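Trainee: After the structure tokens below, expect a handful of questions from me.
The values are calculated or read from the model by the stated rules, or taken from the named source; none is laboratory data. All figures in this text were calculated on a predicted structure; none of them were measured in a lab. Every residue, glycine as well, gets a Cβ built from its backbone with ideal geometry; the counts of neighbours run over all protein chains shown. We work out accessible area using only protein heavy atoms, side chains counted, and drop any ligands, DNA or RNA first. Shrake-Rupley method; radii C 1.70, N 1.55, O 1.52, S 1.80 Å.
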There are 2 protein chains.
Amino acid sequence: MNFVLDAGVAVLQRTPASLRALLGGLPDEWTGATEGPDSWSPYDIIGHLIHGERTDWIPRARIILAQGGERRFEPFDRFAQFRESQGKGLGGLLDEFAELRAQNLVTLGSWRLTDAQMALEGEHPAFGAVTMRQLLATWVAHDLGHVAQTARVMAKQYRDAVGPWRAYLPVMDR
Amino acid sequence: MNFVLDAGVAVLQRTPASLRALLGGLPDEWTGATEGPDSWSPYDIIGHLIHGERTDWIPRARIILAQGGERRFEPFDRFAQFRESQGKGLGGLLDEFAELRAQNLVTLGSWRLTDAQMALEGEHPAFGAVTMRQLLATWVAHDLGHVAQTARVMAKQYRDAVGPWRAYLPVMDR
């Protein structure tokens, strides 16, 4: 599937509500569960998505759009949520994510990006040249990857509880 | 994590709304997309979940609870949705799933299952003896596995569109 802005935005708009429907009000034993050491809980994932709204997608899109002399993106901090989410409840994080996402989609919409702008390039610190279109497609895919991860982390908590059914549940061993 | 009824039900209650938030109103290019031949789209997955509500979880729990002479479950038809969803829109399927799930949780709650009943056994056509507790844990994990699958199938539609970012998106190659 090629990236088409309207179809991508349709997914970006839905992510905060899907994560809220999945996680809102759940006991901590679900939202704080991980896949083992150095893996993330649903709570950690929401903090990571918030950090992306603040520092990744729209800030990088601005750099591409500006086409200034410095087009290299700041490296993204994959561990910022362990600092920034401290002391916050999950409900508040879900609200924060929804608000930031809504603001960012207003910003994106206000740009009315043309096909030519979609082809503009920035410089990724690891990959080198990347386009606006690739950045925006990645924003969408990144959301979906973390929705999948959230559900997978939760499913794995019942790896033993399901008994022999584990053989029919590939999610347990991904 | 051991299976505890209240915590399991908390997830079962949330699945219809999370899938509705993720998929409701999305263009068909998302909801009809698959991972390739013989794999399922989000649309197919909702039909599969509906069939489970009708023929799998509660009907099997009834067999276990009754402890009659015949405790062997009917085999589950994993392909029923290709017949039963025909001609139905996704919005209608999401409604149908939500209604059936709500009814089934009322039934489950009305049983007020004791620890002794949680240990009662039925006979799975492939695995042999399974307990009520394992069946109910599997209901929860099965939901979460299909939520993860739904998001993964969607993410993969941008496998090429994300360009070099694919290297940072493990969901693309699961």
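Trainee: Out of A:Asp56, A:Asp28, which single residue is open to solvent by 70 Å² or more (accessible area, probe 1.4 Å) and either touching a strand residue (DSSP E or B) at 6+ places or on another chain (Cβ under 6 Å) or within 12 Å of chain B (Cβ to nearest Cβ) (or both)?
Mentor: Numbers: A:Asp56 fails: open to solvent by 70 Å² or more (accessible area, probe 1.4 Å).
After applying the criteria, what remains is A:Asp28.
Trainee: Also, quick follow-up: Could you figure out which of (1) buried (at least 18 other Cβ atoms within 10 Å of the Cβ); (2) over 15 Å from A:Gly145 (Cβ atoms) isn't true of A:Trp40?
Mentor: Going through (1) buried (at least 18 other Cβ atoms within 10 Å of the Cβ); (2) over 15 Å from A:Gly145 (Cβ atoms) one by one, A:Trp40 breaks only (2).
Trainee: Oh, and also: Sort through A:Leu100, A:Leu113, A:Leu94 and tell me the only one that's open to solvent by 10 Å² or more (accessible area, probe 1.4 Å), on the phi < 0 side of the Ramachandran plot and not in a loop (DSSP other than H, G, I, E, B). Give the steps one after another, and end with the answer.
Mentor: Values: A:Leu113 fails: not in a loop (DSSP other than H, G, I, E, B); A:Leu94 fails: open to solvent by 10 Å² or more (accessible area, probe 1.4 Å).
Every option except A:Leu100 fails the conditions.
Trainee: Search region A:133-163 for residues being within 7 Å of chain B (Cβ to nearest Cβ), outside any helix (DSSP H, G or I) and surrounded by fewer than 24 Cβ atoms within 10 Å (Cβ to Cβ), and hand back the single one that is nearest to the chain's Cα centre (by Cα).
Mentor: A:Gln157
Trainee: Does region A:1-16 hold any residues that are open to solvent by 20 Å² or more (accessible area, probe 1.4 Å), part of a helix (DSSP H, G or I), of a type outside the set (Asp, Glu) and more than 8 Å from chain B (Cβ to nearest Cβ), and which are they? It would help to see each step written out before you state the result.
Mentor: First, the residues of region A:1-16 that are open to solvent by 20 Å² or more (accessible area, probe 1.4 Å): A:1-2, A:4-6, A:9, A:13-14.
Those left that are additionally part of a helix (DSSP H, G or I): A:5-6, A:9, A:13-14.
Checking which are of a type outside the set (Asp, Glu) leaves us with A:5, A:9, A:13-14.
Of everything in region A:1-16, those that are open to solvent by 20 Å² or more (accessible area, probe 1.4 Å), part of a helix (DSSP H, G or I), of a type outside the set (Asp, Glu) and more than 8 Å from chain B (Cβ to nearest Cβ) turn out to be A:Leu5, A:Val9, A:Gln13.
Trainee: Inside region A:44-72, can you point out the residues that are among the small types (Gly, Ala, Ser) and closer than 20 Å to A:Leu108 by Cα?
Mentor: Pass one, region A:44-72, residues among the small types (Gly, Ala, Ser): A:47, A:52, A:61, A:66, A:68-69.
A:Gly52, A:Ala61, A:Ala66, A:Gly68 - these are the residues of region A:44-72 that are among the small types (Gly, Ala, Ser) and closer than 20 Å to A:Leu108 by Cα.
Here's the yes/no breakdown for (1) over 26 Å from A:Arg159 (Cβ atoms); (2) within 16 Å of the chain's Cα centre (by Cα); (3) not in a helix (DSSP H, G or I):
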site	(1), (2), (3)
A:Ser18	no, yes, no
A:Leu22	no, yes, no
A:Pro37	no, no, yes
A:Leu49	no, yes, no
A:Gly68	yes, no, yes
A:Phe76	yes, yes, yes
A:Gly87	yes, no, yes
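Trainee: Look through region B:164-174, keep the residues that are open to solvent by less than 50 Å² (accessible area, probe 1.4 Å) and assigned to a helix (DSSP H, G or I), and return whichever of them is farthest from the other protein chains (Cβ to nearest Cβ). Talk me through it step by step, then tell me what you get.
Mentor: If we filter region B:164-174 for residues that are open to solvent by less than 50 Å² (accessible area, probe 1.4 Å), which is where we start, we get B:164-165, B:169, B:171-172.
Next cut, assigned to a helix (DSSP H, G or I) only: B:164-165, B:171-172.
Values: B:Pro164: 4, B:Trp165: 4, B:Val171: 4, B:Met172: 7 Å.
Ranking the candidates gives B:Met172 first.
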